[in-house]
Amino acid sequence: MHGYVLALFAAAILLTAPFVLDRAEAAGFSPRLVQQGWRAAVVGAVASLALAVPVFTPDLWTAPARAIGVTPDIGLVKVPLSVQLAVAGGVLAGLAAGWRRGGAVVRDYRRALRVQLDRLESTSPVLDEVERGHPRLVIVEDAQPRLVLLPSRPPRVEVTTRALDLLKPEELNAVLTHMSGHLRRRDALWMTASETLAEAFPRIPFFARWADHSAALAEKGADADVHGPIARANLRRALAKLSGPGQANGPFCPCFAWPLQRQADLELAPPQPRLPRPPVAVAGLRALTAAAVVVPTLVVVSPHFLYM
């Protein structure tokens, strides 16, 4: 029974979350709040599906414990062995197929990051002296106006000499403030996760919708970290100077994508919630975020609640 509840709960999130989050975005909720809603929804759905698997395969997942003479002290639902094998085989086959399709995104991300870091290490030998846990601004001699955020450990911001020639100090500061927002929220990792899941499970529309929204919401959220009309004007001018060929693509630097749209957005005041908000957006977003977080957490901290 509990396995069906968790599976149905995950399916309900995957089906209803895009509608609720689109309504919340249209109602004027902040990009960061909508972004948190997407992330909570995917974590809740994946966690619920993962927790449902042991319910359908109790003999299989407790077999290692029984093999060493330990008997789990929780009540297990009786499931035919044929059903358990079918569920386990289906899950493993789905994960294998998903990794075969989506693993390329992770490999490309790691390979691109390694290439970028190797290039920086060869052009900036003092990188090893950086203090652990703090971002480092690395200046590279290059005729291309490039400014790239690398989410490494510690994070690095690569800026070329041409970019420094073009940017005024206040413009550079606005861009760095924007990029600091990306670092705090781990936007690069979440964007890679969304692209990976979208590629791995193309028949689940939720993941494709999340991937489509992830980069734009991350940019709007980072833009909101740049406060004040003067600072936002500096950021807009910096984007105009830096947008174009030579910038890194993908999760390393989506900051300079859609230059015309970005500059138009930055000419406006930071988005404010519009009142009154549609009740479905308010109630739906709160219920979605709360349920996606609370239900799997309740199952994890109270295993007897699940298996009794």
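The values are calculated or read from the model by the stated rules, or taken from the named source; none is laboratory data. Keep in mind the model is a prediction, meaning the values are calculated, not measured. Glycine also receives a Cβ, built like all others from the backbone with ideal geometry; neighbour counts cover every protein chain displayed.
Sort out which residues of region 191-212 are of a type in the set (Lys, Arg) and buried (at least 22 other Cβ atoms within 10 Å of the Cβ), and write them in order of number.
Scanning region 191-212 gives no hits.
If you check Leu127 against the conditions, is it part of a strand (DSSP E or B) and either modelled with pLDDT under 85 or of a type in the set (S, T, N, Q) (or both)? Lay out the reasoning, then the answer.
Working: part of a strand (DSSP E or B): no; either modelled with pLDDT under 85 or of a type in the set (S, T, N, Q) (or both): yes.
Spelling it out, it is not the case that Leu127 is part of a strand (DSSP E or B) and either modelled with pLDDT under 85 or of a type in the set (S, T, N, Q) (or both).
Which condition does Gly28 not pass, out of (1) at pLDDT 85 or above; (2) under 30 Å from Ala224 (Cβ atoms), if it passes all the others?
With (1) at pLDDT 85 or above; (2) under 30 Å from Ala224 (Cβ atoms) applied to Gly28, the lone miss is (1).
Out of Val294, Val282, which single residue is surrounded by fewer than 19 Cβ atoms within 10 Å (Cβ to Cβ), among the β-branched types (Val, Ile, Thr), more than 17 Å from Val46 (Cα to Cα) and modelled with pLDDT under 85? Steps first, please.
Numbers: Val294 fails: more than 17 Å from Val46 (Cα to Cα).
Just a single option satisfies the conditions, and that option is Val282.
Can you name the residue in region 15-47 that is over 18 Å from the mean Cα position of the chain (by Cα) and assigned to a helix (DSSP H, G or I) and, of all such residues, is farthest from Val87 (Cα to Cα)?
It comes out as Ala26.
Out of Ala174, Ala163, Ala188, I need the residue that is surrounded by 18 or more Cβ atoms within 10 Å (Cβ to Cβ), within 29 Å of Val43 (Cβ to Cβ) and at pLDDT 85 or above. Which one?
It is Ala188.
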